[in-house]
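Below you'll find the structure, written out as structure tokens, and then a few comments.
Computed from the coordinates by the stated procedures, all read-outs in this text should not be read as laboratory data. Computed from a prediction, not measured in an experiment: that's the story for all the values here. All Cβ positions, glycine included, derive from the backbone under ideal geometry; neighbour counts span all protein chains shown.
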Amino acid sequence: MPEQEQKTGRIQVRAENPSGACGNIDHMTIDELKARAVGDNFDGSCPACGMFHLTRADIEAVEAEKISDTDYYADIVNEAEQH
């Protein structure tokens, strides 16, 4: 009987889809997204809002902002009142 070659261990890969619809997805920094990505090609935009967050302070500023204080919200209200 020929000798059986010893099988090498399998390479384990950790992969996640940060833009998937798995429930509660919070804002993530680019570094957090890169840590979850497999390979160097990844989308650095936040899965929650589509913006690019460089630090946790950027995320805290976005979370502290009220929607009703934005120009976008004011435009929607004005458009709704006109119709």
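What is the sum of charges around ILE30, taking Lys and Arg as +1, Asp and Glu as -1, for the other residues whose C-beta is under 12 Å from the C-beta of ILE30?
-1
Suppose R0 equals 22 Å. What FRET efficiency, 1/(1 + (r/R0)^6) with r the Cβ-Cβ distance, do ASP69 and PHE42 give to the nearest 0.05?
The formula returns an efficiency of 0.10 here.
Using θ = phi - 60° and the Karplus relation 6.51 cos²θ - 1.76 cosθ + 1.60, list the HN-Hα couplings for segment 57-70 in order, rounded to whole Hz, with x at every Gly or Pro.
Coupling constants for segment 57-70: 4, 4, 5, 4, 5, 5, 5, 7, 6, 8, 4, 5, 8, 8 Hz.
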